[in-house]
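A short write-up of the structure that comes next.
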Amino acid sequence: MSRLRDTLADLTDERFRTAVLLGLASIPFTVALSWESAPTSFSAEAVVAAGLLAGLHYADRSSENADVGLLEGLRYGKRPAVSRRAGVVVGVVGSAPAVGWAIGYMLERAWSLSGWLGAATVALLPAVVPLLVALFALAGGVGAAVGDWLVTRVDRARDRARSRAEPDADGDVSGWWRWVVAYIVFAPAVLLYTFGVGPESGAAFALSVLALLVLVPFSLFVAVALFEDAVTLREVGRDRGPNYWAYVGAPLAAYAVVYLVATVLASPNPSGDGVYGFVVALWISSAVYLRYRRRYVGTA
């Protein structure tokens, strides 16, 4: 009950206004993603994404217990990180369409049934609604935990950049950009060969499949390389250092948008479509980043 009271208090707490807004923003995406499956099942992907943004926004490394994991928090009775509480708020607010669908469905069923079956259906509402809210709250909390973890990784990357780079260093202070250059060449070559040439059988087809299998993990690695290089440039005291969140965040946003559109259009493989969106957006982001790097650093 105390956890429930805390969550209800967080909903009206001024500190969690952004979390409430993120939860509200997730609602139309949840409706779109759940349109075909509701009211028997619901998509919590939009709430997880909104929770991740809440985790990035609320993560606070200055708090003594901010990096306490879930099991450690339960074991030692420490308060959870503010970012994870914000994720729960996102989930509770974002559960509104699922709750509405569930109530409407169960009332419709109760109306169509007679006698004790209808009464039993209505009696289940007080159990079903809290369960749905709790599941969405869990989804938001998971997303926030991932965002909180990412902030920790960012802090550590920045510490590594400071420790290995001289403040007055000139020229090439990081070698990560070379992987970005390789991606600029490799990604379009694979896509043009696979979809332009379009081999349908034999060794050429096997080569195209292998190239795609290599391209996906290589894209993830290059996203990390771009991030590491941008962090290093920013931490060595360069004037007008690059915004690494923008360069890495744009491909991730492209994946989310393409995935959502593909799902709404009933694509047979929305995840695959999202991956292609990520690959193309990462190529564009990499090209823009290398142009920036050459202009302000003099390499790449």
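The rows are residues; the columns are (1) under 12 Å from residue 47 (Cα atoms); (2) touching an Asp or Glu at 6+ places or on another chain (Cβ under 9 Å); (3) exposed (fewer than 14 other Cβ atoms within 10 Å of the Cβ).
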site	(1), (2), (3)
87	yes, yes, no
90	yes, no, no
94	yes, no, no
108	no, no, yes
126	no, no, yes
131	no, no, yes
140	yes, no, no
Pairs where the first residue, in the range 131-152, is free of Cβ contacts under 8 Å to residues at least 60 places away in the same chain and the second is surrounded by fewer than 20 Cβ atoms within 10 Å (Cβ to Cβ), C-beta under 8 Å, 6+ apart
133/99
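Mind listing just one residue for me: the one in the range 162-190 that is part of a loop (DSSP other than H, G, I, E, B) and among the hydrophobic types (A, V, I, L, M, F, W, C) and, of those, modelled with the highest pLDDT? Spell out the reasoning first.
Step one: list which residues in the range 162-190 are part of a loop (DSSP other than H, G, I, E, B), which gives 165-176.
Of the ones still in play, those that are also among the hydrophobic types (A, V, I, L, M, F, W, C) are 165, 169, 173, 176.
On the way: 165: 55, 169: 49, 173: 65, 176: 85.
Only one residue fits best here, namely 176.
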Selected residue [within 24 Å of residue 154 (Cα to Cα) and outside any helix (DSSP H, G or I)] from 242, 217
242
Kindly list, by first and then second residue, each pair from a residue in the range 84-99 that is not assigned by TED's automatic domain parsing to the domain that holds residue 20 to a residue that is surrounded by fewer than 24 Cβ atoms within 10 Å (Cβ to Cβ), limited to pairs with Cβ atoms under 6 Å and residues at least 6 apart or on different chains.
none
Which one of 254, 266, 287 is in the same structural domain as residue 243 (by TED's automatic domain parsing) and surrounded by 18 or more Cβ atoms within 10 Å (Cβ to Cβ)?
254
Tell me, yes or no, whether the range 233-241 has at least one residue that is out of contact with any Leu (no Cβ under 9 Å at 6 or more places or on another chain), aliphatic (A, V, I, L, M) and closer than 19 Å to residue 177 by Cβ.
yes
Do we have any residue at all in the range 213-231 that's acidic (Asp, Glu) and free of Cβ contacts under 8 Å to residues at least 60 places away in the same chain?
no
Considering the range 23-37, residues that are within 16 Å of residue 257 (Cα to Cα) and under 15 Å from the mean Cα position of the chain (by Cα), and then whichever is surrounded by the fewest Cβ atoms within 10 Å (Cβ to Cβ), we arrive at 25
Qualifying residue in the range 90-110 (condition: of a type in the set (A, V, I, L, M), modelled with pLDDT under 65 and closer than 23 Å to residue 22 by Cα):
no
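Every residue, every condition in (1) assigned by TED's automatic domain parsing to the domain that holds residue 137; (2) part of a helix (DSSP H, G or I); (3) within 22 Å of residue 270 (Cα to Cα), yes or no:
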residue: 17; (1), (2), (3): yes, yes, no
residue: 21; (1), (2), (3): yes, yes, no
residue: 25; (1), (2), (3): yes, yes, yes
residue: 37; (1), (2), (3): yes, no, yes
residue: 48; (1), (2), (3): yes, yes, yes
residue: 54; (1), (2), (3): yes, yes, no
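The values are calculated or read from the model by the stated rules, or taken from the named source; none is laboratory data. This one's a predicted model, so the numbers in the text were calculated from it and none came from an experiment. Counting neighbours? That spans all protein chains shown, and the Cβs are built from the backbone with ideal geometry, glycine included.
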